[in-house]
Structures are given as C-alpha cells and as structure tokens.
Amino acid sequence: MQTSKLAIVILNWNGQEFLSRFLPMLVKYKTSDSEIIIADNASTDNSMEFLKKEYPTIRIILNKENGGFAKGYNDALLQIDAKYYVLLNSDIEVTENWIQPVIELMDSDERIAACQPKLLSCFEKTKFEYAGAAGGFIDKLGYPFCRGRIFDTLEEDKEQYHDNREIFWATGACLFVRADAYWSVDGMDNDFFAHMEEVDLCWRLKNKGYKIMFCCDSKVYHIGGGTLPKSSSRKTFLNFRNNLILLYKNLSCWQFFKVYFVRIFLDIIAALKFLSEGHFSDFIAVAKAHFVFYFTFYRHRRKRTIANLTEVSGIYKKSIVLEYYLRKKKTFTILNLEKFTK
C-alpha cells in the first residue's frame, strides 16, 4: 500500500544553507497527500543535525556514499512507496499551488511518465532559468536546449510558452515522475553521476511510448549551480562525457557514428575556444571526456537494446549550434517547428 500519493524527495549534499532557506516554503505549500523526504548523500556539513533539530518530523534517508545525482536518487527512491515522485533540487524555491496543476495533468493521462513546471531564475524572477526553462528538447547532434533558453540566451518570461505541451526532456531540478514508469526503465543511469541523466531517463521513457510534459500553470524558482558551479571543469567533463554516453545508448549504430564524427569536430572547436579564453582546465576536461568514453565504451554497450533505437518525437532535425551561432536564431519561437520529429 502506498504511504502517500506524492513523495517530494530532495537529494542533499552539504546543502544546509539551501535547506534552511527553502524548506519553510516547501513545508508551507505541500499538499495533504504529499510527503517531504530528504535523501542525504553522505554530507559532511551540519545538514542532518539541522534537520533533526528544526524539522524532526521530516523523513531522512541516509545514503552510504555520495554516488552523485543518479545513484543518490535511485538508492533513495527504492525505499519510498508513492504513486509519483518529485525529484526536487535543494536550491529550488516553490510557489503556492505548484503541485496540483502538475498532478492533475499527469492524472489525466497514464501515458504521461514525467512532467516539469516552469523553471524561473531565483535571481531574476522574470527570466527563465538555464536548467529547464519551459521544457527541454534536443537537436540531431545531441545538444540539449529549452523553450526559453538556447545555450546562454535566457528569455524573459512573457507567457510566450504558456501552454501544456509535450517536450523531449524535463528538468531534473524539479522532475515529477510516475513511480512505476521510472522503474520500468530501471531509473536513472548511475554511470552518469550528474548532468544529463534526466535527458537519458526521458529518452528511454519516450522509447517505451510514454509522454514527457511541460505544465505551464506551475512555476518554481531555481538558483542553479548549487553543487557544481557553471564554471567548474568537473561540470564540463560530465556534460561532454555524458552527452556521448547519451547518444551511444539511444541511437542506432549507424546514427551514432554519423553523429559522433561531427561531434568530434565540434568538440575540438569547443575545446580550442576554452583554451583561447584561458580556461585550460576546461580544455583538458573535453579531451578527458572523450578518452574516458573510449575506455568505457563496452560498459555502455550492454545498455543498448532494440527498443532504444527507434526515433521519438521532439528531436530537432537540424543543428542548434548552426542555428544559434551562424543563423542567429537565439530563441525557440523562431525555430522551424516543422523540423521537429513528430
């Protein structure tokens, strides 16, 4: 028997500052059929002492190690019985009625496996936030982008994306997901550690015929970079390596090698750009990402199945890199919607 309809699960790692700042609003705006759970990834700060003192009724799950975002959530969610999970970053500020519109949307269609609210910036509350904005998509070469955010261009929210619609991927910063669907694809891939694991999860869910949705009537605010700042070379490494794994797992061999040879060229350009800007550690991170991918190639091969090799909706059949940098198409609204797979 499910103990609650909705489990709101925050994966914490040395996040006492965020917990003290954002938990009061989360407690205030939780619904009667939801439960807040903190899953701790072997923190070394005073997070757990703070929780036990200030929020003694909140359930705590202690992971044995910091296995990253993917493993941390997988380990914790195995211990939680609910119809829906919300994977919620500790640096998220929720708003009144942020839960109900999403749950109503998901309840309306059992094929909806995952959904995200509107993600806005904590610092500029009229602007979309980098990590998810108004729903994620991906181009033919594997570059993720969002409605409201393409590369470093962040749009102001003028309700230009005020619609409930199917998307390609939903942000892991505030991810509502149907529990049985989540486990039908074995959850997130532990090997990702952090970054792009939600894109991989959503792609695999779509491969099984599920929908990924954006809910316009729910909004939250995100700080971003709470664990790894945007300038971190570790983040650069994870993003480049995980993107290669993502493509290898979810494309056919022929599709992957066509894409991969183009990506080598583009990643070399990205690495040289880092070098020209004096970011030597990021230059090394890109090279390391490719070498690590080569040496773990067979490790990821076992994850490929025939079911993973079908074309799904929401892939932009052009290069978002060329669209953005050469054709100066900086916003989602001016992209050719006919070029997205149906």
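A few remarks follow.
- Cβ-Cβ distances below 8 Å connect the following pairs, each with a first residue in region 35-55 that is in contact (Cβ under 8 Å) with a residue 40 or more places away in the chain, a second residue that is part of a loop (DSSP other than H, G, I, E, B) and buried (at least 16 other Cβ atoms within 10 Å of the Cβ), and a separation of six or more residues or different chains: ILE37/ILE58; ILE37/ILE80.
A quick yes/no check of all residues on (1) in contact with a Pro (Cβ under 8 Å, 6 or more places away or on another chain); (2) modelled with pLDDT of 95 or more; (3) not assigned by TED's automatic domain parsing to the domain that holds ARG299:
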position: THR227; (1), (2), (3): no, no, yes
position: LEU238; (1), (2), (3): no, yes, no
position: ASN242; (1), (2), (3): no, yes, no
position: ILE245; (1), (2), (3): no, yes, no
position: LEU251; (1), (2), (3): no, no, no
position: PHE257; (1), (2), (3): no, no, no
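- Residue match in region 182-200 (condition: farther than 30 Å from LEU78 by Cβ and in contact with a His (Cβ under 8 Å, 6 or more places away or on another chain)): no
- Between ASN89, ASN97, the distinction of being in contact (Cβ under 8 Å) with a residue 60 or more places away in the chain, closer than 19 Å to CYS202 by Cβ and in the same structural domain as GLN16 (by TED's automatic domain parsing) belongs to ASN89 only.
- Options VAL199, VAL185: the member that is in contact with a Pro (Cβ under 9 Å, 6 or more places away or on another chain) and in the same structural domain as LYS158 (by TED's automatic domain parsing): VAL199
- Region 109-125 residues that are farther than 19 Å from HIS162 by Cβ, paired with ones that are part of a strand (DSSP E or B) and aromatic (Phe, Trp, Tyr) (beta carbon under 8 Å, 6 or more apart): ALA114/PHE176; CYS122/TYR221
- Candidate set from region 207-225 (those that are among the basic types (Lys, Arg) and either modelled with pLDDT of 95 or more or within 26 Å of PHE18 (Cβ to Cβ) (or both)); member that is surrounded by the fewest Cβ atoms within 10 Å (Cβ to Cβ): LYS211
- Tally of residues being hydrophobic (A, V, I, L, M, F, W, C), within 16 Å of ALA173 (Cα to Cα) and touching a residue at least 40 places away in the same chain (Cβ under 8 Å) across region 126-142: 3
The values are calculated or read from the model by the stated rules, or taken from the named source; none is laboratory data. The structure displayed is predicted, hence computed values, not measured ones. All Cβ positions, glycine included, derive from the backbone under ideal geometry; neighbour counts span all protein chains shown.
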